[in-house]
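Notes to accompany the following structure.
Throughout, read-outs are computed from the coordinates displayed, never taken from laboratory work. In this text the structure is predicted, and so the values were computed from the model without any measurement. Positions of Cβ are generated from backbone atoms using ideal geometry, with glycine treated the same way; all protein chains shown enter the neighbour counts.
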Amino acid sequence: MQIYYLVGMPSSGKSTVGRELAQQLQLPFEDLDAWIERAEGRTIPEVFRDSGESYFREVEARVLREATHAASRQVIATGGGAPIFHDNMDFMNAHGVTVFLNVGVEELGRRLQATNVADRPLVQALEQGDFLTALAEKQKKRLPYYRQARVQVYDDALALPKLLEALREGGFLRNCRPRLPRCGILFVLLGQRVSWHIGATLTGFVPARKLHL
């Protein structure tokens, strides 16, 4: 099986980076929370509100296994709490490559508070008192599970190139060839630290006859 599982805190970029990774590797992409909502016929906040977290975690574990067995080659973005319950992290490590997107608590807090609170059960649970302190404590409890991932990437504007580099170095890109632009030209993002990142950006790409920078 060739499955990549993205794990990490809510708003760490799992769905965004997961879609980009799937596009680059030309693999199907699945969002575990979206699968749960289809299976339940209701939103994640509604499941938490009407049935409680214990029920949600049972459904999440079942859906994770269903999604895993639905396709042997895919990228799956998991929910923030998925690795913590029902031996899910062990299951994912046994069936594919786990990737931890590690984002600092201040950046997580900024992203979470910019979203709709009603759509984020974690934000609702932490919104009383010192939000960042509570978020840091939640992250601290989850880190031992996240760090069981085979690959760890610090999320930023160039998370995907870094991830491709880490997957290549770890030998986790078997039978995968990252997609090249059809025109054969690769545009490199310009900005700070560009010179350091060019190598990571190009890593894993098949050499073309000409490369225009």
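Pick out, from Gly80, Ala149, Val59, the residue whose Cα sits farthest towards the positive end of the charge dipole of the range 2-178, with +1 on the Cβ of Lys and Arg and -1 on the Cβ of Asp and Glu.
Ala149
Between beta-carbons, use under 14 Å as the cut-off and find the net charge around Arg57, counting Lys and Arg +1, Asp and Glu -1.
Within the 14 Å Cβ shell, the charges total -3.
If the only charges are +1 at each Lys and Arg Cβ and -1 at each Asp and Glu Cβ, what is the size of the charge dipole of the range 2-178 around the Cα centre, to the nearest 20 debye?
Around 520 debye, computed over the range 2-178.
Mind listing the long-range amide H neighbours of Arg73? Cut-off is under 5 Å, sequence gap 5 or more, other chains count too, H placed in the peptide plane at 1.01 Å from N.
It is Gln2, by chain and number.
Based on the alpha-carbon gyration tensor of the range 2-178 and its eigenvalue square roots a ≥ b ≥ c, which shape applies: rounded if a/c is under 1.5, prolate if not and a/b is larger than b/c, or oblate?
Verdict is oblate for the range 2-178.
When the Karplus curve 6.51 cos²θ - 1.76 cosθ + 1.60 is applied with θ = phi - 60°, which whole-Hz ³J(HN,Hα) does each residue of the range 52-60 get, with x for Gly and Pro?
Going residue by residue, I get x, 5, 4, 5, 4, 5, 5, 5, 4 Hz, with x marking Gly and Pro.
Going by C-beta contacts inside 10 Å, put Ile76, Ile84 in order with the fewest on the left.
Ile84, Ile76
Mind running the shape call on the range 54-107? Use the C-alpha gyration tensor, a ≥ b ≥ c as the square roots of the eigenvalues: rounded below 1.5 for a/c, prolate if a/b tops b/c, oblate otherwise.
oblate
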